[in-house]
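The values are calculated or read from the model by the stated rules, or taken from the named source; none is laboratory data. Predicted, not measured: the structure shown is a model, and the values here were computed from it. Quick reminder, even Gly has a Cβ in these numbers, built from the backbone with ideal geometry, and neighbours come from all protein chains shown.
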Amino acid sequence: MIELLLAFSVIVLLAIPLLWVFSRLPERQDEQPASDQVLDQSDQNKTIQTSRQKKILSFIRRGRLALKKGNFKAAEDYLYQVSGIDEQDDESLAALAQALYSQNKLEKARVVMERLVQQEPTSENLTFLGQLLFEIGQANEDREDMENSIMCYQVVLKQNPQDLEAKKKLAQTYLALGMQYETRLVYEQIFKEDLTDLEVGLFLANYYQEKDQLDKAEAYLASLFKIYSTDEDVASKYFSLLAERSKYDKIVKYRAFLDSEPSNKSFFLELLGRAYLHLRRFQEAIDYLELYCQIEPDPDGYFNLALAYYETGCEQQALEYIQSAVDLNSNNARYHYLMAQLLIQQEEFQKAQASLYRVLDLDEQNREARLDLERINNKLSTSSN
């Protein structure tokens, strides 16, 4: 028993120094190495970034869907949240500007687009900003905004000289500012690239017609009529200009246009009748003018019809139609003079005398009427003696 106690005492004495040594050792750390900590932090950042990106994409998707459905206020709300998360997101800024524009919130859309253009000065963004500035300038009658709009389009055209949309919007702004010359220059560039542009072609034709450069005006209208041969507006402008230039032979070449049954059929009937009259093709003139006068009781139409009948020797029909013209308008010297000529042919000298007096009342410088009146007065004086 004593031996066991001694053995146990020896073990305890040996264990005490070991316990002391172990107590001096540093405690075991459960923490990860520094390199592992860096990796964990990176994973956390990635997770946050991924979550943030998902949130942005979700808002963009919802905003675009609302925009597509025409729910512009909802689109605005979603996309404003995106800009609150990430002010640099170009896609969401463009969609937000579109949502604001669709609600006619032009000033807010302008602020968004100006920020976007600073980040991404693309042709598309500059064109949209130019459109906003143009509309704001028009609404506020602010010339400066519209001039800034012009600068946007000019930058776009420096980037891409073939951008037709920017050219059209630039011309539109010039026109709104009353800059006809600049508008014409841009429109001529557009028309060279696109001969089918009806609006541009008509502007150029009108521009040159107003400037009395009728060759150019006719060339533009002829080019348009080749493409838009059934367009009434183009045809009426083209045929009217041809008539103004006395190119009646060209007008009658297009008589097939009537086969398309234009809504303003009377206009083209009168024009063709007048053209045939000037070409001395009297029977064809009568055919068209009679159809015209059935639709439109017009004093000029009756006058031309009377003239056509007079030239074919049908004095009685001519007299009936010139009387219709006078009944509708008794203040036209030409009508009374033709009436006088017809009455002279029928030897109705007293009636012819009255008509010639009426001519001179309306046109005292009419030399032919004065000479005719002198001859009739002499004839009546002789016959009375």
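Can you tell me which residues in the stretch 155-171 are touching a helix residue (DSSP H, G or I) at 6+ places or on another chain (Cβ under 7 Å) and not hydrophobic (A, V, I, L, M, F, W, C)?
Within the stretch 155-171, Gln159, Asn160, Asp163, Glu165, Lys167, Lys168, Lys169 qualify.
Identify all residues within the stretch 146-166 that are of a type outside the set (A, V, I, L, M) and closer than 24 Å to Glu107 by Cα; write none if there are none.
Result: Glu147, Asn148, Ser149, Cys152, Tyr153, Gln154, Glu165.
Which ones in the stretch 298-326 are acidic (Asp, Glu) and over 24 Å from Gln365 (Cα atoms)?
Asp298, Glu311, Glu315, Glu320
Does Lys216 fit the bill of being part of a helix (DSSP H, G or I), modelled with pLDDT of 95 or more and surrounded by 13 or more Cβ atoms within 10 Å (Cβ to Cβ)?
Yes.
Any idea which of Ser266, Ser246 is in contact with a helix residue (DSSP H, G or I) (Cβ under 6 Å, 6 or more places away or on another chain) and under 23 Å from Asn332 (Cα atoms)?
Ser266
Name the pairs: first residue in the stretch 217-233 and without any contact (Cβ under 8 Å) to a residue 60 or more places away in the chain, second residue among the β-branched types (Val, Ile, Thr) and not in a helix (DSSP H, G or I), Cβ to Cβ under 7 Å, at least 6 apart or on different chains?
Pairs that qualify, where the first residue is without any contact (Cβ under 8 Å) to a residue 60 or more places away in the chain and the partner is among the β-branched types (Val, Ile, Thr) and not in a helix (DSSP H, G or I), are Ile227/Thr196.
Does the stretch 234-248 include one or more residues that are assigned to a helix (DSSP H, G or I), buried (at least 21 other Cβ atoms within 10 Å of the Cβ), in contact (Cβ under 8 Å) with a residue 12 or more places away in the chain and of a type in the set (Asp, Glu)?
No: zero hits.
Yes/no per residue for (1) surrounded by 18 or more Cβ atoms within 10 Å (Cβ to Cβ); (2) more than 29 Å from Leu93 (Cα to Cα); (3) of a type in the set (S, T, N, Q):
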{"residue": "Glu141", "(1), (2), (3)": "no, no, no"}
{"residue": "Asp145", "(1), (2), (3)": "yes, no, no"}
{"residue": "Met151", "(1), (2), (3)": "no, no, no"}
{"residue": "Glu165", "(1), (2), (3)": "no, no, no"}
{"residue": "Thr173", "(1), (2), (3)": "yes, no, yes"}
{"residue": "Glu199", "(1), (2), (3)": "no, yes, no"}
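Can you report the number of residues in the stretch 342-365 which are closer than 18 Å to Ala306 by Cα and in a helix (DSSP H, G or I)?
9
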